[in-house]
Each structure stands twice: as structure tokens, then as C-alpha cells.
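Here is the structure we will look at.
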Amino acid sequence: MAKTENETETETKSETRDVVELILQDHRRMEDLFRLMRSVEADRAAALREFADLLIAHALAEEAKVYPALKRYKKIEDEEVEHGEEEHEEGNKALLDLLEVDEVGSEEWDTKLEELVEAVTHHADEEERTILNGARENVAMERREELGGEFLAERERQLKAGCGAVDNVRRIVGS
């Protein structure tokens, strides 16, 4: 699958290794993709494919590499991390609902898109205020950069595996 101009731009922006900044970059890219999916002038189906891959790869990399490490810090509450995982499940379900809509741009598409936007935006906002601020304040930069490397490697592995494909999202939601 060919990369869009913006995907290439996102990859070159990732010069930082700070896991907090990397996660924030993904959140901003998701917001850009929401705008594209809402635009009648954009290739909404392509934006959804990129979004699906990014959302799933991002969440799986956080859950595999970042969240377990952050739970070890006293000032980052386990409940916040566990709540983040629950919100990933909600976002994945909303993504699946949109992926299963037959016609891009239909009324059903618009409704499911707004449900996805709401779930993901709520999670990103909460994660930024609680988990990421906690990481920024309590985790040394060297450790954040180590986590960033692990996050990027896992995220890339998931992207190469086509993690946002509808059948894979169904499997993740069903498990």
C-alpha cells in the first residue's frame, strides 16, 4: 500500500525518541485523519485505512511496551493505566463499527465516524492529562527514550502486519 504524503511526513517528524512525544504525535495524526474522514473532498476510505492501522498499532504498542513500564512508577496510578486499556477496547469497537459500514460517506458512516471520534478523542485527552503528564513528571528522559524506542519498534511491527485490517480488528474486539 502506498504511503500518503502525510504518512511520510509523520515518519520524518518522529526524530524524538521520547515516548511521551511519540504518543502525542500519533494523537495529532489521528486528529488530522479525523478531519480527512469528515471531508467530502478527501479520500475518506484511504484516511480510514491509515487511521485503522495507526489506532490499532498505537494501542497495541502502548499496551505491550509503555503501560506495563509506567505501572512501576508510584506517581502514575495503575487505575489510570487500566482505564486507558479499557478505553482502547471502546475505541477498537467503534473502529470496527465504522469499518463494517458498507458505504463511505453514508449517513451510517457519518454516525459511526462521530462515535469513533468521540471515543478516541476522549481517550487521548484523558491519557494526555493523566498518564502522559505523569510520565513527563516522574520518568527520567533516558527511560522515556528507551520506552520510545520499544514503542516505535512494536508499533512498526504491528503496522507491517496490517493490524488495522477489518478481520484483525474483529479478532481484537472479539478477544
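Details
- Residue-normalised accessible area of the chain, expressed per residue, 1.4 Å probe, Å²: 53 Å²
- Only helices enter the 222 nm calculation for the chain: every DSSP H run of n ≥ 4 contributes -39,500 (n - 2.57), and dividing by all residues gives -24000 deg cm²/dmol, rounded to 500.
- Along the stretch 135-143 the Karplus relation, 6.51 cos²θ - 1.76 cosθ + 1.60 evaluated at θ = phi - 60°, assigns HN-Hα couplings of 5, 4, 7, 10, 10, 4, 4, 4, 5 Hz to successive residues, with x for each Gly and Pro.
- According to the Kirkwood relation over distinct C-alpha pairs, the hydrodynamic radius of the stretch 33-77 is 12.4 Å.
- Apportionment of accessible area to carbon and sulfur, the chain, percent (1.4 Å): 46 percent
- When nucleic acids and ligands are ignored and a 1.4 Å probe is applied, E90 ends up with an accessible area of around 110 Å².
- Sorting 46-59, 71-84 by average packing, meaning the other beta carbons within 10 Å per residue, from highest down gives 46-59, 71-84.
The values are calculated or read from the model by the stated rules, or taken from the named source; none is laboratory data. In this text the structure is predicted, and so the values were computed from the model without any measurement. Heads up, the Cβs are rebuilt from the backbone with ideal geometry, glycines too, and the neighbour counts pull from every protein chain shown. For accessibility, only protein heavy atoms count, side chains too; no ligands or nucleic acids. Shrake-Rupley method; radii C 1.70, N 1.55, O 1.52, S 1.80 Å.
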